[in-house]
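Enquirer: Handing you a structure now.
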């Protein structure tokens with residue numbers, strides 16, 4: 001969140017965003033769609049995760065992607081190869097998606113497709129471990145990725161993202177042998193911030209943990225609109 | 001940058017910040033200090049870079065650090081072990097340092113030490129590849145780190161940071177053998193955004209590139225207040 005030298009203004013900004021998010025969520029609920037907001041630092045593996053997820057699940061579930069980037073359609077083009085609707089939103093100078101931008105994506109989905117046919121909308125946010133966590137876009141759940149290369153202390157140093165997450169994916173586990181980083185300490189640090197989030201160490205490259213992620217994702221669709229919170233839930237794979 | 005639904009407000013916000021940055025720079029100039037703003041995504045290696053830099057140069061140059069974090073003093077505590085003044089600024093919910101926060105750090109430096117004794121102030125910004133690039137803090141130059149693990153496309157997707165940088169460090173080069181990532185493509189993508197920045201691939205772990213970084217840094221101190229722009233300057237080490 002940017003400081004604006006005016007606390008009342010910040011509250012108004014978040015309030016306006018929240019009203020838009022509630023409106024978006026009403027659309028999703030009306031159409032029976034589960035929406036998840038996928039967030040992380042740049043380069044933690046959000047797009048690879050979506051590629052693997054679409055390759056594995058797009059026959060079982062009807063999925064659409066809303067793809068946020070500051071500039072370029074590089075990620076949107078990668079994902080379109082999987083034959084699902086990908087709605088690209090370029091945010092320009094903005095460091096996160098807000099509910100107004102996602103509303104534009106939703107209205108486009110409703111114009112070009114039958115939205116009630118869809119099971120799942122995955123929103124890939126701008127790469128930023130800080131700001132996206134404060135701006136709801138109408139999602140039913142938040143997924144935070146943390147690359148193991150980012151270090152053990154990040155959940156403590158960037159707590160808002162990890163407080164808000166329903167599921168934390170520790171990515172690039174294939175690099176663990178080459179790093180002096182202990183995944184158990186990462187998990188303990190997440191637990192200090194959030195006792196409830198599902199935590200899944202995984203690697204898009206080696207495939208480790210991916211089936212657990214697919215199971216968690218399918219569970220959100222079959223029990224929509226309420227992410228079950230299980231104290232201390234995590235999967236070591 | 002956050003969209004505030006009000007372009008005039010955004011301009012005012014950046015304008016107020018710039019006035020503060022100019023004020024801070026006047027202090028640095030008056031004391032003969034070079035100030036560099038060190039920025040990157042979370043976990044790209046800013047603190048390791050500062051540790052190695054302080055270990056190598058703190059006998060030759062009189063250095064102080066202004067250390068920005070949302071929460072915790074974990075990084076400040078790591079850097080204090082090198083016997084230099086480390087002024088910690090916790091930004092709370094704010095996703096970047098602004099000139100007002102750094103002014104507080106400068107005034108503390110002037111209160112506790114003789115500021116005219118110092119050669120170099122290194123500002124470690126909050127881990128965020130987007131927002132810090134838009135908020136000057138009074139620095140004479142900007143250093144952007146990009147971990148090789150973040151992928152080849154990041155300079156194109158997060159262009160503002162790379163446009164603004166005087167020096168780009170491609171970090172964690174020791175992991176290159178385990179990644180399907182080509183450092184030449186990263187360099188080409190930076191060059192598309194910025195023809196002038198010094199580009200140094202390096203690794204704090206293996207030491208590769210560190211001497212080139214130290215040389216560049218010392219050059220900024222001996223020719224202060226003007227970062228020389230050399231078309232296409234980069235070092236492959």
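Enquirer: Can you tell me which residue in the stretch A:1-11 is modelled with the highest pLDDT, limited to those that are surrounded by fewer than 18 Cβ atoms within 10 Å (Cβ to Cβ) and part of a loop (DSSP other than H, G, I, E, B)?
Expert: A:6
Enquirer: Inside the stretch A:20-62, can you point out the residues that are touching a strand residue (DSSP E or B) at 6+ places or on another chain (Cβ under 6 Å) and in a loop (DSSP other than H, G, I, E, B)?
Expert: Across the stretch A:20-62, the qualifying residues are A:33, A:40, A:44, A:45, A:61.
Enquirer: On the given criteria, is residue A:119 surrounded by fewer than 23 Cβ atoms within 10 Å (Cβ to Cβ), away from chain B (no Cβ under 14 Å), more than 20 Å from the chain's Cα centre (by Cα) and at pLDDT 95 or above?
Expert: no
Enquirer: Let me ask you something else. Please go through the stretch A:135-156 and give me each residue that is at the interface with chain B (Cβ under 7 Å from one of its Cβ atoms) and either modelled with pLDDT under 95 or touching a strand residue (DSSP E or B) at 6+ places or on another chain (Cβ under 9 Å) (or both), ordered by number.
Expert: Result: A:147, A:149, A:150, A:154.
Enquirer: For residues in the stretch A:166-182 being touching a strand residue (DSSP E or B) at 6+ places or on another chain (Cβ under 7 Å) and without any contact (Cβ under 8 Å) to a residue 40 or more places away in the chain, which is farthest from the other protein chains (Cβ to nearest Cβ)?
Expert: A:168
Enquirer: I'm checking my understanding of the structure. Among residues of the stretch A:74-99 that are in a helix (DSSP H, G or I) and surrounded by fewer than 19 Cβ atoms within 10 Å (Cβ to Cβ), which one is farthest from the other protein chains (Cβ to nearest Cβ)?
Expert: A:80
Enquirer: For residue A:193, are the conditions met, namely being under 30 Å from residue B:92 (Cα atoms), modelled with pLDDT of 95 or more and either buried (at least 20 other Cβ atoms within 10 Å of the Cβ) or under 15 Å from the mean Cα position of the chain (by Cα) (or both)?
Expert: Against the criterion (under 30 Å from residue B:92 (Cα atoms), modelled with pLDDT of 95 or more and either buried (at least 20 other Cβ atoms within 10 Å of the Cβ) or under 15 Å from the mean Cα position of the chain (by Cα) (or both)), residue A:193 does not qualify.
Enquirer: Suppose we filter A:50, A:9 for residues that are without any contact (Cβ under 8 Å) to a residue 40 or more places away in the chain and in contact with a helix residue (DSSP H, G or I) (Cβ under 8 Å, 6 or more places away or on another chain); which single one remains?
Expert: A:9
Enquirer: If you go through the stretch A:12-22 one residue at a time, do you hit one that is closer than 30 Å to residue A:204 by Cβ and modelled with pLDDT of 95 or more?
Expert: yes
Enquirer: Do we find that residue B:159 is more than 7 Å from every other protein chain (Cβ to nearest Cβ) and in contact with a helix residue (DSSP H, G or I) (Cβ under 8 Å, 6 or more places away or on another chain) in this structure?
Expert: Here the answer is no, as residue B:159 does not meet what is asked.
Enquirer: A further question on this structure: Does residue B:66 qualify as being in contact with a helix residue (DSSP H, G or I) (Cβ under 6 Å, 6 or more places away or on another chain) and within 18 Å of residue B:121 (Cβ to Cβ)?
Expert: yes
Enquirer: Out of B:102, B:65, I need the residue that is away from every other protein chain (no Cβ under 14 Å), in contact with a strand residue (DSSP E or B) (Cβ under 8 Å, 6 or more places away or on another chain) and either surrounded by 22 or more Cβ atoms within 10 Å (Cβ to Cβ) or not in a helix (DSSP H, G or I) (or both). Which one?
Expert: It is B:65.
The values are calculated or read from the model by the stated rules, or taken from the named source; none is laboratory data. Only a predicted model underlies this, so the values are computations on that prediction, with no experimental measurement involved. Note that we place each Cβ from the backbone using ideal geometry, even for glycine, and neighbour counts take in every protein chain shown.
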